[in-house]
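Here is the structure we will look at.
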Amino acid sequence: MVAFLASTILSVVALRFLPVFFTPLMFIRCYEQLKEGRELRLSHHWVSLGEMSEHMAVAVMASEDANFRSHHGFDFKAIEHAVKRNREHPEKQKLGASTISQQTAKNVFLWPGRSWVRKGFEVYFTGLIELLWPKERIMEVYLNSVEMGEGIYGVEAIARENWSLNAAQLSREQCALIAATLPNPRKFSSSNPSKYMKKRQKRILHEMKFVKKL
């Protein structure tokens, strides 16, 4: 237990300052590609938050976590709303309430899944990064590590793949479109958006008016 606590705390402290070049999910996706006989695809380019469009963080907060600036890792009002809605409408797709902090903890330190064990580790690492990282660092790591398409991770990679731009050149509309894919980036495309995606983009653009920049 002491070794686990020491190693995890040291890892979180180190990654407050070091770029996150690889995550467990990247390795898992590469393994899945090889196992299924598909072409190996991994596009990821680390950039600092200052090298990204100022609209990108605003777009993901508007889309994924409106209270990111004020909560301490968990949005209990959103959790309560999701539990109530899922209980009252079990026939609909399950509504999630994971914050950007939780998603960052999952992306960087854990594996995909829904077990209680993994959820427990997620709570633990979310608490650690909220304690040891500033909000700007959490957002920076999130925007560099989040899956944004098949074999595509982070804002810089998706900007290059879709529009041959770098992350700093992304427009407000492009940032909103990228954010619109994040519930399921392997299903929804920001390079060839459907009517549903454009509708989500429009809603996010509206919500961005009420979100303060980091």
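Taking region 1-27, which residues are under 18 Å from LEU49 (Cα atoms) and open to solvent by 60 Å² or more (accessible area, probe 1.4 Å)?
Initially, region 1-27 is screened for residues under 18 Å from LEU49 (Cα atoms), giving 14-22.
Across region 1-27, the qualifying residues are ARG16, PHE17, LEU18, PHE21, PHE22.
Among all residues of region 181-196, there is at least one that is under 24 Å from ARG16 (Cα atoms) and within 15 Å of the chain's Cα centre (by Cα).
Just one of LEU42, LEU49, LEU34 is open to solvent by 50 Å² or more (accessible area, probe 1.4 Å) and either in contact (Cβ under 8 Å) with a residue 60 or more places away in the chain or not aliphatic (A, V, I, L, M) (or both); which is it?
Numbers: LEU49 fails: open to solvent by 50 Å² or more (accessible area, probe 1.4 Å); LEU34 fails: either in contact (Cβ under 8 Å) with a residue 60 or more places away in the chain or not aliphatic (A, V, I, L, M) (or both).
None of the other options fit; the residue is LEU42.
The residue of region 96-122 that is farthest from ILE138 (Cα to Cα), among those that are β-branched (Val, Ile, Thr) and touching a residue at least 40 places away in the same chain (Cβ under 8 Å), is VAL108.
Consider region 56-74. How many of its residues are in contact (Cβ under 8 Å) with a residue 40 or more places away in the chain and either touching a Pro at 6+ places or on another chain (Cβ under 6 Å) or open to solvent by less than 50 Å² (accessible area, probe 1.4 Å) (or both)?
12
Quick one: which residue in ASN166, ASN144, ASN162 is touching an Asp or Glu at 6+ places or on another chain (Cβ under 9 Å), open to solvent by 10 Å² or more (accessible area, probe 1.4 Å) and touching a residue at least 12 places away in the same chain (Cβ under 8 Å)?
Working: ASN144 fails: open to solvent by 10 Å² or more (accessible area, probe 1.4 Å); ASN162 fails: touching an Asp or Glu at 6+ places or on another chain (Cβ under 9 Å).
One residue alone meets the criteria, ASN166.
Candidates in region 1-58 are the residues that are basic (Lys, Arg) and outside any helix (DSSP H, G or I); of these, the one that is farthest from LEU131 (Cα to Cα) is ARG38. Counting only helices (runs of 4 or more DSSP H) that sit completely within region 99-214, those holding 2 or more residues that are at pLDDT 95 or above and closer than 24 Å to LEU25 by Cα correspond to 100-109, 116-132, 135-145, 155-163, 172-181.
The values are calculated or read from the model by the stated rules, or taken from the named source; none is laboratory data. All figures in this text were calculated on a predicted structure; none of them were measured in a lab. Methodologically, a virtual Cβ is constructed for each residue, glycine included, from the backbone with ideal geometry; neighbour enumeration extends over all protein chains shown. What goes into the accessible areas is simple: the full protein's heavy atoms, side chains included, and nothing from ligands, DNA or RNA. Shrake-Rupley method; radii C 1.70, N 1.55, O 1.52, S 1.80 Å.
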